[in-house]
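Student: Structure below; questions to follow.
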Amino acid sequence: MPIYEYHCADCDHSFETFVRPGEIESECPTCHGSNIAREMSVFASARASDSAGPTGAASGGGCCGGSCGCG
C-alpha cells in the first residue's frame, strides 16, 4: 500500500495517509474537508559512505569511526 502526502487547502494542514489501489482520495484528518491536493513526496535513500579516510576506512562518528581517537 503506498503512502501519499496531501495538503488541505481548507485548514492548511499537511498529512500522510495510506491509499489502496482503486480507493477514493482521503479527507483531511484535522477538519475532515475534501479540498485536498496530493503533494510531491521527498524520499531518502541509504548508501555506503563516500568519505573514506587515508587508510581506506570510512570516517564518521562512533567508535572506530574516527571520533573517539581509536583506529
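What follows draws every value from the coordinates through simple rules; no lab data is involved. For clarity, every value in this text was computed on a predicted model and none was experimentally measured. Glycine also receives a Cβ, built like all others from the backbone with ideal geometry; neighbour counts cover every protein chain displayed.
Student: Taking θ as phi - 60°, what are the ³J(HN,Hα) couplings along segment 21-28 by the Karplus curve (6.51, -1.76, 1.60), each to the nearest whole Hz, with x for Gly and Pro?
Tutor: x, x, 7, 6, 4, 6, 10, 5
Student: Using the per-residue mean of other Cβ atoms lying within 10 Å as a proxy for protection, in what order, highest first, do the peptides 29-35, 17-23 fall? Could you put the intermediate results ahead of the total?
Tutor: On the way: 29-35: 12.3, 17-23: 10.3.
Ranking the peptides 29-35, 17-23 by packing returns 29-35, 17-23.
Student: A follow-up question, please. Hey, what do the phi angles of segment 3-15 turn into as Karplus ³J(HN,Hα) couplings, whole Hz, using 6.51/-1.76/1.60 and θ = phi - 60°, x for Gly and Pro?
Tutor: Coupling constants for segment 3-15: 9, 10, 9, 10, 10, 8, 6, 6, 10, 6, 9, 9, 8 Hz.
Student: Name the long-range amide H neighbours of GLY33: under 5 Å, sequence gap of 5 or more, or other chain; modelled H, no Pro or chain starts.
Tutor: CYS28
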